[in-house]
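Take a look at the structure below.
The values are calculated or read from the model by the stated rules, or taken from the named source; none is laboratory data. Only a predicted model underlies this, so the values are computations on that prediction, with no experimental measurement involved. Counting neighbours? That spans all protein chains shown, and the Cβs are built from the backbone with ideal geometry, glycine included. For the accessible areas, the whole protein counts, side chains as well, though only heavy atoms, and no ligand, DNA or RNA atoms are used. Shrake-Rupley method; radii C 1.70, N 1.55, O 1.52, S 1.80 Å.
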Amino acid sequence: MIQFYNVSKIYPNGVKALNDVTVQIRKGEFVFLVGPSGAGKSSLIKIIFREEMPSRGQALFNSKNITRLKGREVPLLRRKIGMVFQDFRLLPQKTVFENVAFAMQVTGSSGRAIRDRVPLVLSQVGLKDKAGVMPSQLSGGEQQRVCIARAIVNNPVLIIADEPTGNLDPDTSWELMNLFNEINSKGTTILMATHARDIVNTMKKRVLSMTGGRITRDEESGVYSNES
Amino acid sequence: MFRNAWLSLASVGTVTISLLILGISLLLVMNAQAFTRSLESGVEIRLFLDSGLSRVDVRDMERELKKTPGIATVEFISREEALEEMKKNLGDRQDILEGLEEENPLPDAFRVKAEKADNVPALAAELEEMKGVDQINYGRGMVEKLLAVIKWVRLAGGGLIIVLGVAALLLISTTIRLSLFARRKEIGIMKYLGATNWFVRFPFLLEGMILGFTGAVIASAMIYLGYISLVNRLDEVLPFVTLVTDRDTLLVVIGGLLGLGVVVGILGSAFSIRKFLKV
């Protein structure tokens, strides 16, 4: 599903964020992306999402070359990908329902489709009763569930989560990981950048470890790091 | 739009003031144009003829004048008519002309109007060379000055309108940029969710259009009412000053302001939004 061939990314200020990265992620996989801050995790994600262009190399998504997309094709790429952020990025003046519905409005769904689909997704993430609540009245874990609901409402083939549990306590984190696992079991590919050592070690998924812009380790059923 | 009530108010106020100034200068320029045009049409050349020309000579001259390019009208004024005119101008003191009918000192003349006032000096020089013409009079010096003033009024008016239009555009684009800045997070989220640029852009263009239009409506109403009352007041105080009042001209000004408000609003938004779409 995702193929990187010798991808490098050098930012205009000279920082070399990715250095000759070649990696493949297949459909239906659950992949952890680990490594210290500044190792290139975010740059890798931004290239898949076409927020940044690689300086060298080729990146493919569903056999389509991301680097050759025209400007108006970028939204279509992004609609196939659900994004989950560490800081949630919900619209504070919209209700939970409206925040999730927003993702469907953006893609031009009908009002009827939105009214049918949003409650379904909200109950899937366990927020059936919070539809009319404002995000500020929710706990961090609940806000992240809204973010996940928004990410899956358009049935994406891939979910990219950038440190989704970074702001959450361990118990809440585990509840969310179960939710991600559930989504993954229905066939959605998940790529998750994280610093949560326990979660990675316990879940026994594929682990890509990055250091200094390179992928230094790629293991099925891997652990957070080899030293421990 | 309603979330940033103050900002919207500022934008509308900006458009109103810019278009108000624009409209006032537009009316000023139009009136100046109308005034200069009436002055222009008043410019005429008088050809005083040699004495002792026959009727046939005069008729030939008239025919030749009418064929000359750049001449709009030709009117023959006989020496008798010239004397009558002089008497009329003198009013109750015409007695000093008494007895001149016997030996009229005035020459026959042609009154010539040029198609364009610009051409008068050149035309006069040309006509002076004509056979049978004794003297020529067109207010030399006066006409040249008038032409310079007219040219200046047109240039300054056009320049002023362009400058004010650009100023309005920049002010709107700045205000919209503030409103965009306040909502940059929302725009970023929209782009992350796969919104097309047009999906993001459209509400802001609409907002700019509505702001521009609202400002234009207020400015037009103020200008219309203000101008009408000015015309009425001037009619009482200075009846000899005539302002442009025909309905069509005013409609053009007001329609122009409304259209400009909408265009400026849309363009202002479009300029500002480009930067925010790069996510």
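Look through A:50, A:56, A:26, A:89 and report the one residue that is out of contact with any Gly (no Cβ under 6 Å at 6 or more places or on another chain), under 30 Å from residue A:141 (Cα atoms), surrounded by fewer than 17 Cβ atoms within 10 Å (Cβ to Cβ) and in contact (Cβ under 8 Å) with a residue 12 or more places away in the chain. Reasoning before the result, please.
Values: A:50 fails: surrounded by fewer than 17 Cβ atoms within 10 Å (Cβ to Cβ); A:56 fails: under 30 Å from residue A:141 (Cα atoms); A:89 fails: surrounded by fewer than 17 Cβ atoms within 10 Å (Cβ to Cβ).
Step by step, each of A:50, A:56, A:26, A:89 is checked, and only A:26 is out of contact with any Gly (no Cβ under 6 Å at 6 or more places or on another chain), under 30 Å from residue A:141 (Cα atoms), surrounded by fewer than 17 Cβ atoms within 10 Å (Cβ to Cβ) and in contact (Cβ under 8 Å) with a residue 12 or more places away in the chain.
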ask   = How many of the residues making up segment A:171-186 are farther than 28 Å from residue A:63 by Cβ and in contact with a helix residue (DSSP H, G or I) (Cβ under 7 Å, 6 or more places away or on another chain)?
value = 6
note = (1) open to solvent by 70 Å² or more (accessible area, probe 1.4 Å); (2) closer than 30 Å to residue B:224 by Cα all hold for residue B:34 apart from (1)
task = Scan segment B:246-279 residue by residue and report those that are more than 16 Å from residue B:11 (Cα to Cα), of a type in the set (Val, Ile, Thr) and surrounded by 14 or more Cβ atoms within 10 Å (Cβ to Cβ).
result = B:249, B:253, B:254, B:279
query = Which residues, counting only those in segment A:83-96, are more than 21 Å from the chain's Cα centre (by Cα) and either at pLDDT 95 or above or at the interface with chain B (Cβ under 8 Å from one of its Cβ atoms) (or both)?
reply = A:93, A:95
request  = Determine whether residue B:7 is in a loop (DSSP other than H, G, I, E, B), surrounded by 13 or more Cβ atoms within 10 Å (Cβ to Cβ) and modelled with pLDDT under 80.
outcome  = no
Selection from segment B:51-71 of residues that are open to solvent by 60 Å² or more (accessible area, probe 1.4 Å) and in contact (Cβ under 8 Å) with a residue 40 or more places away in the chain = B:51, B:57, B:64
ask   = Which one of A:222, A:126 is modelled with pLDDT under 95, surrounded by fewer than 20 Cβ atoms within 10 Å (Cβ to Cβ) and either within 20 Å of the chain's Cα centre (by Cα) or of a type in the set (Asp, Glu) (or both)?
value = A:126
message = Quick check on segment A:82-94. Is at least one of its residues closer than 20 Å to residue B:191 by Cα, part of a helix (DSSP H, G or I) and of a type outside the set (Ser, Thr, Tyr)?
response = no
query = Could you list, in sequence order, the residues of segment B:135-156 that are closer than 12 Å to residue B:117 by Cα and of a type in the set (Lys, Arg)?
reply = B:145, B:151
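Working only within segment A:63-78, note down all residues that are surrounded by fewer than 17 Cβ atoms within 10 Å (Cβ to Cβ), within 13 Å of chain B (Cβ to nearest Cβ) and either assigned to a strand (DSSP E or B) or touching a residue at least 12 places away in the same chain (Cβ under 8 Å) (or both). Show your work before the answer.
Let us first name the residues in segment A:63-78 that are surrounded by fewer than 17 Cβ atoms within 10 Å (Cβ to Cβ), namely A:63-65, A:67-73, A:76.
If we keep only those that are within 13 Å of chain B (Cβ to nearest Cβ) as well, we get A:69-73, A:76.
If the condition is that a residue be surrounded by fewer than 17 Cβ atoms within 10 Å (Cβ to Cβ), within 13 Å of chain B (Cβ to nearest Cβ) and either assigned to a strand (DSSP E or B) or touching a residue at least 12 places away in the same chain (Cβ under 8 Å) (or both), then A:69 is the only one that fits.
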inquiry  = Testing residue A:101 on (1) more than 14 Å from every other protein chain (Cβ to nearest Cβ); (2) surrounded by 12 or more Cβ atoms within 10 Å (Cβ to Cβ); (3) closer than 23 Å to residue A:76 by Cα, one condition comes back false. Which one is that?
reply    = (1)
inquiry  = Go through (1) outside any helix (DSSP H, G or I); (2) at pLDDT below 80 for residue B:135 and report which single condition fails.
reply    = (2)
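Among B:201, B:184, which is the only one that is surrounded by fewer than 17 Cβ atoms within 10 Å (Cβ to Cβ), under 30 Å from residue A:150 (Cα atoms), of a type outside the set (S, T, N, Q) and within 14 Å of chain A (Cβ to nearest Cβ)? Break it down into steps so the answer makes sense when it comes.
Working: B:201 fails: surrounded by fewer than 17 Cβ atoms within 10 Å (Cβ to Cβ).
Testing whether each residue is surrounded by fewer than 17 Cβ atoms within 10 Å (Cβ to Cβ), under 30 Å from residue A:150 (Cα atoms), of a type outside the set (S, T, N, Q) and within 14 Å of chain A (Cβ to nearest Cβ) leaves just B:184.
Residue-wise test of (1) open to solvent by 90 Å² or more (accessible area, probe 1.4 Å); (2) closer than 29 Å to residue B:146 by Cα; (3) in a helix (DSSP H, G or I); (4) acidic (Asp, Glu).
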site	(1), (2), (3), (4)
B:86	no, yes, yes, no
B:89	yes, yes, yes, no
B:92	yes, no, yes, yes
B:99	no, no, no, no
B:104	no, no, no, no
B:112	no, yes, no, no
B:118	yes, yes, yes, yes
B:124	no, yes, yes, no
task = Please give the number of the condition residue B:195 fails out of (1) within 14 Å of chain A (Cβ to nearest Cβ); (2) among the aliphatic types (A, V, I, L, M); (3) assigned to a helix (DSSP H, G or I).
result = (3)
message = Going by what's in this entry, would residue B:177 be described as in contact with a helix residue (DSSP H, G or I) (Cβ under 6 Å, 6 or more places away or on another chain) and surrounded by fewer than 21 Cβ atoms within 10 Å (Cβ to Cβ)?
response = yes
request  = Test residue A:119 against the criterion of being assigned to a loop (DSSP other than H, G, I, E, B), out of contact with any Asp or Glu (no Cβ under 8 Å at 6 or more places or on another chain) and either surrounded by 14 or more Cβ atoms within 10 Å (Cβ to Cβ) or modelled with pLDDT of 95 or more (or both), and give yes or no.
outcome  = no
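Quick one: is residue B:243 outside any helix (DSSP H, G or I) and either more than 14 Å from chain A (Cβ to nearest Cβ) or loosely packed, with under 15 Cβ neighbours inside 10 Å (or both)?
Values: outside any helix (DSSP H, G or I): yes; either more than 14 Å from chain A (Cβ to nearest Cβ) or loosely packed, with under 15 Cβ neighbours inside 10 Å (or both): yes.
It is true that residue B:243 is outside any helix (DSSP H, G or I) and either more than 14 Å from chain A (Cβ to nearest Cβ) or loosely packed, with under 15 Cβ neighbours inside 10 Å (or both).
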